[in-house]
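To start, the structure itself, in structure tokens.
Derivation of every value follows stated rules applied to the coordinates shown; laboratory data play no part. These numbers come from a predicted model, not from an experiment. Note: ideal-geometry Cβ built from the backbone for every residue, glycine included; neighbour counts use all protein chains shown.
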Amino acid sequence: MDILKELDVIEKDGLAALAAAEDEDALAAWRTAHLGRKSGLMAAFDGMKDLSKEERPQVGRRANEVKQALEGALEKKLVAVRQATLEASLAGEHLDVSLPGRALPLGRLHPVNQTLRRIYAIFAEMGFQVYRSREVESDDYNFTFLNIPAHHPARDMWDTFHTDREGVILRTHTSPGQIHAMREYCPENIRVILPGMVYRYEQVTTRSEMQFNQVEGLAVGPNITFGDLKGTLTDFARRLFNPDVRTRFRASHFPFTEPSAEMDVECFVCMGDGCSVCKGTGWLEILGSGMVHPTVLRYGGYDPEKVSGFAFGMGPERITMLLHRITDIRHFWRNDVRFLEQF
Ligand code: PHE
């Protein structure tokens, strides 16, 4: 019977072609060619209708056998091809599970915040608490209660950001916090530092920004002297910079302190010889200070006949520049990770 021979050939050819198929695409094409509707096998099934009654069961059985043989072989080959693909990719990728993981980049504190924390720690050891005060202030707190009456030319020392609301401004320094602290604590003794952002409407240069931090300090109580001020601030500088750092006080003027002084530390670049950073003086200014003016004590609720006090205000950005020899204050706000990652 020709058709049985033909089925033998279909089976033999099919299995041979399958052996040559090496990937899933080839197997899909093979399925269409050998088991699809236009395949020789399907033609054999179709041809059965022309066979005699006697031939039909025999051919039908054989055709089904061939179909199952081809399908079974395809199934096996698929498994083998998939396994081979997996093995090839494992071998090619060299997955080494014993390697250490990739470290995630860690964030860190901004260099100015690091300086602030050191300042807090030093003053905490000397008994000063951190006192938080508002950034939006009234004209009275920022100026009048600090002994700078309306229209007084001393207001020109601070270029001010005003708001739409009459008398509401951004604080130009942390000194208004002195009044808030005094009014809250009076008649107790006070040892506080007041850190925070201040704002000045002025040109931005390598040495000055429109917004920056200050740390104010305030001590109020009986018998506080200028000696206490000098001792506290000199000790602070030694703890912050190094135990042998040289400091000096220069007479100055602030409306809210009397007498007033600015404190310099020796220039770290030239160690006092004079260079471009210290403009040839050998000294760098880090803060303003003085004995709290009697008028300010009175605005705070205290009797200047009974208590005295000292106050100071320093710029942590400037101090951070000195500590790390940073030459441009604008780096602090640029948010460039190449800069920030160095600290
Ligand atoms: N508030 C002053 C400034 O911003 C600094 C200062 C504070 C001076 C306290 C004396 C006492 O320049």
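Report the FRET efficiency, 1/(1 + (r/R0)^6), for ARG118 and SER89, where r is their Cβ-Cβ distance and R0 is 51 Å, rounded to 0.05.
Numbers: r = 54 Å, r/R0 = 1.06.
Result of the calculation: an efficiency of 0.40.
Starting from the Cα of ASP336, step 7 Å along the direction of its Cβ; do the same at ARG248; then give the gap between the two resulting points in nm.
For the pair ASP336/ARG248, the computed spacing is 3.5 nm.
For segment 170-187, take each phi angle, set θ = phi - 60°, evaluate the Karplus expression 6.51 cos²θ - 1.76 cosθ + 1.60, and give the result in whole Hz per residue in order, putting x for glycine and proline.
So the Karplus estimates, Gly and Pro as x, are 8, 4, 8, 7, 7, 4, x, x, 4, 5, 4, 5, 4, 5, 7, 8, 3, x Hz.
Name the long-range amide H neighbours of ALA261: under 5 Å, sequence gap of 5 or more, or other chain; modelled H, no Pro or chain starts.
Under 5 Å from the amide H of ALA261 lie the amide H atoms of SER252, SER289, GLY290, each far enough along the sequence or on another chain.
Once a ≥ b ≥ c are taken as the square roots of the eigenvalues of the Cα gyration tensor of segment 16-164, is the result rounded (a/c under 1.5), prolate (a/b larger than b/c) or oblate (a/b not larger than b/c)? Please report the intermediate quantities before stating the final value.
Working: a/c = 7.36, a/b = 3.88, b/c = 1.89.
Prolate, because a/c is 1.5 or more and a/b exceeds b/c.
Could you go through segment 44-57 in sequence order and give the Karplus-derived ³J(HN,Hα) for each residue, using 6.51 cos²θ - 1.76 cosθ + 1.60 with θ = phi - 60°, rounded to whole Hz, and x for Gly and Pro?
Residue by residue, segment 44-57 yields 5, 4, 4, x, 4, 5, 8, 8, 6, 4, 6, 6, 3, x Hz.
Starting from the alpha-carbon convex hull of segment 196-308, give the projected area averaged over all orientations, in nm². Please report the intermediate quantities before stating the final value.
Values: hull surface 33.8 nm².
About 8.5 nm², averaged over all directions.
Relative to the present Cα-Cα distance, how much length would full extension add between MET126 and ASP23 at 0.36 nm per residue of separation? Present the calculation step by step, with values, prior to reporting the outcome.
Details: separation 103, 0.36 × 103 = 37.08 nm, distance 7.81 nm.
Gain in length upon complete extension: 29.3 nm.
Give a residue-ordered list of calculated ³J(HN,Hα) values for segment 104-109 (Karplus: 6.51 cos²θ - 1.76 cosθ + 1.60, θ = phi - 60°; whole Hz; x for Gly, Pro).
With coefficients 6.51, -1.76 and 1.60, one gets 6, x, 9, x, 8, 6 Hz.
At what distance in angstrom do the alpha carbon centres of segment 255-312 and segment 162-238 lie from each other?
11
Could you please report the charge total around ASP273, scoring K, R as +1 and D, E as -1 over all other residues with beta-carbon less than 14 angstrom from its beta-carbon?
Summing Lys and Arg as +1 and Asp and Glu as -1 gives +1.
Could you pull out every residue, at least 5 positions away or on a different chain, whose amide H is within less than 5 Å of the one on THR172? Hs are placed 1.01 Å off N in the peptide plane, and Pro or chain starts have none.
Those lying under 5 Å, H to H, from THR172 are TYR199.
Among PHE161, HIS180, PHE143, which residue has its Cα positioned farthest towards the positive end of the charge dipole of segment 127-187, with +1 placed on the Cβ of Lys and Arg, -1 on the Cβ of Asp and Glu, and the dipole taken about the Cα centre?
Selected residue: HIS180.
Please give the length that would be gained between PHE226 and ASP50 if that part of the chain were fully extended, namely 0.36 nm times their separation in residues minus their C-alpha to C-alpha distance (nm, one decimal). Could the numbers behind the result be given before it?
Details: separation 176, 0.36 × 176 = 63.36 nm, distance 12.39 nm.
Answer, rounded to one decimal: 51.0 nm.
Any idea what the dipole of segment 28-172 comes to, in debye rounded to 20, about its Cα centre with Lys/Arg Cβ at +1 and Asp/Glu Cβ at -1?
Details: 21 positive and 19 negative charges, 253 e Å.
The dipole magnitude comes to about 1220 debye.
Over all Cα pairs of the chain, how is the pair count split among 20 Å bins, expressed in % and running from 0 up to the last occupied bin?
Result returned by the calculation: 23, 32, 7, 10, 16, 11, 1.
List the pairs from LYS38/LYS77; LYS53/LYS77; LYS53/LYS76 whose alpha-carbon separation is above 27 Å, in the order I gave them. Let's see the in-between values first.
Numbers: LYS38/LYS77 22 Å; LYS53/LYS77 37 Å; LYS53/LYS76 35 Å.
LYS53/LYS77; LYS53/LYS76, as the Cα separations exceed 27 Å there.
So how strong a dipole does the chain carry about its Cα centre when Lys and Arg Cβ are +1 and Asp and Glu Cβ are -1, to the nearest 20 debye? Provide the component values of the computation, followed by the final result.
Numbers: 41 positive and 48 negative charges, 82 e Å.
For this selection, approximately 400 debye.
Suppose we keep just the alpha-carbon trace of segment 2-92; what are its Rg and Dmax in angstrom?
15.8, 59
For a label point 7 angstrom out from the Cα of CYS270 toward its Cβ, which stretches of segment 318-333 have the backbone nitrogen within less than 16 Å?
none
In what sequence, highest mean first, do 310-323, 134-147 appear when ranked by Cβ atoms within 10 angstrom? Write down the numbers at each step before the final one.
Details: 310-323: 22.6, 134-147: 18.9.
Top to bottom by mean Cβ count within 10 Å: 310-323, 134-147.
Pick from ARG207, ARG183, ARG102: which is most flexible by mean-square fluctuation in a GNM of the chain where alpha carbon atoms under 10 Å apart are linked?
Residue with maximal mean-square fluctuation among ARG207, ARG183, ARG102: ARG102.
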